[in-house]
Amino acid sequence: MCRLLAICSRQGAGMGGNLARLLLLLALAGCASRPSPPPPLRPAAIPPVPAQTAPAANPVEAIRTRCIQGRRRICGRVLQITPSGLVVDSGYTGLLQPPLNHSWLARANVAPSRPSALVEGAAPDSIAVGLLFLTDIPRRPSVHPYDYVALIGYPAGRYDYVPAPGVTNTIRRFAAGLETAVRLNLQP
């Protein structure tokens with residue numbers, strides 16, 4: 001560009017001022033119409049890692065985080081009592097409403113409501129639906145068959161439920177205590 005300006009100024013001195021100005025304007029207009037170089041590329045921003053998927057420093061913390069994210073409201077009828085826990089048919093949302101929500105246990109003579117088209121959500125504290133095994137329950141008051149329970153449960157693996165001799169169903173296992181759920185998930 002400097003070379004073009006030098007030529008225009010030398011020729012413009014001999015041709016007259018108007019022609020030199022015209023050539024200078026054309027030279028500057030040509031320079032202005034060139035595309036500007038693209039802006040320097042900036043590295044893309046790295047999206048933050050959500051807390052539930054961030055790798056934990058140790059496996060116990062990772063299991064604890066998964067248990068907290070997978071917790072469910074277990075509200076259902078006790079179908080079987082075993083030495084290690086209860087088999088519960090969960091989904092009785094009426095247990096979460098007054099006057100039944102004052103205790104974790106309601107006797108068999110109550111009649112809580114159960115929606116017919118209830119679907120279990122994926123968010124923490126969603127209502128668990130279907131058969132499940134609940135362990136680490138409070139000791140008092142004592143539980144009887146067909147009583148109703150309403151507790152927070154943390155996922156603790158699987159349980160082999162035997163409803164009749166020769167029939168085995170694998171159902172989800174929950175623990176009413178977070179520490180118990182972590183311990184059960186650490187077992188092979």
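Every read-out reported here was derived from the displayed coordinates using simple, explicitly stated rules and does not represent laboratory data. Please read all numbers here as calculations on a predicted model, not as lab measurements. Heads up, the Cβs are rebuilt from the backbone with ideal geometry, glycines too, and the neighbour counts pull from every protein chain shown.
Using Cα-Cα distances under 8 Å and only pairs 6 or more residues apart, what relative contact order does segment 59-186 have, in percent? Don't skip to the end; give the middle numbers.
Details: 275 pairs, mean separation 41.1, N = 128.
Averaging sequence separation for qualifying contacts and normalising by length gives 32 percent for segment 59-186.
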Under the Karplus relation with 6.51, -1.76 and 1.60 and θ = phi - 60°, whole-Hz ³J(HN,Hα) for segment 102-114, x at Gly and Pro, equal 7, 9, 6, 10, 10, 5, 5, 7, 7, 10, x, 7, 9
Largest first and to the nearest Å, give the Cα extent of segment 59-186 along each principal axis.
44, 36, 32
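What's the exposure ranking of L118, L95, going from fewest to most Cβ atoms within 10 Å? Provide the component values of the computation, followed by the final result.
Numbers: L118 15, L95 27.
Ascending number of Cβ neighbours within 10 Å: L118, L95.
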Whole-Å distance, taken between Cα centres, linking segment 69-104 and segment 112-179
6
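For a footprinting-style exposure proxy, rank V88, V60, V119 by other Cβ within 10 Å, fewest first. Show your work: numbers first, answer last.
On the way: V88 28, V60 13, V119 9.
By the 10 Å Cβ count, ascending, the order reads V119, V60, V88.
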